[in-house]
1. First select every other residue whose beta carbon is under 11 angstrom from the beta carbon of Ala35; then total the charges, Lys and Arg +1, Asp and Glu -1.
2. What net charge do the residues around His56 carry, taking every other residue with its C-beta under 14 Å from that of His56, with Lys and Arg at +1 and Asp and Glu at -1?
Amino acid sequence: MENLKTTRIQTIIRSAESKKAVINEFLKAWVVIPAADTLRRKYLPDIFEKHLQALHTEFKEKPIAIIIDEATDSQAHSVVNTLFSYCNSSKLVSVD
C-alpha cells in the first residue's frame, strides 16, 4: 500500500513538473513586454492619434467651455483652477 502511494505521488510530481515546463516555454514564447522606450516610440504616437480623432469626433461642432480661474487656497497660496464644461456638465480638470 505504501509503495502505491509513493508511486502516485511521484506520478503527480512528474506531471506537475511537466506542466510547469510547458507553461514556462509558453510564457517565454508569447509573453514579451517591450521596453518602455519602445512602447513610447512605437505605440504611443498611434494611440495618441486614435484618441485625438475620437475627441475630434465627440466634440465636432459642439459647444464647449474651458474656464481658467486664479484663486487662493486656505494658506493664501495662488492656485489656478481649470474647469471643462460640456453638455451642461462641468468638471474640475486641474488645480495648479
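1. +2
2. Overall, the nearby charge balance is 0.
Taken together, the values in this text are just the output of simple stated rules run on the coordinates, not laboratory data. Just so we're clear, the structure is a prediction, and the values are computed from it rather than from any experiment. Note that we place each Cβ from the backbone using ideal geometry, even for glycine, and neighbour counts take in every protein chain shown.
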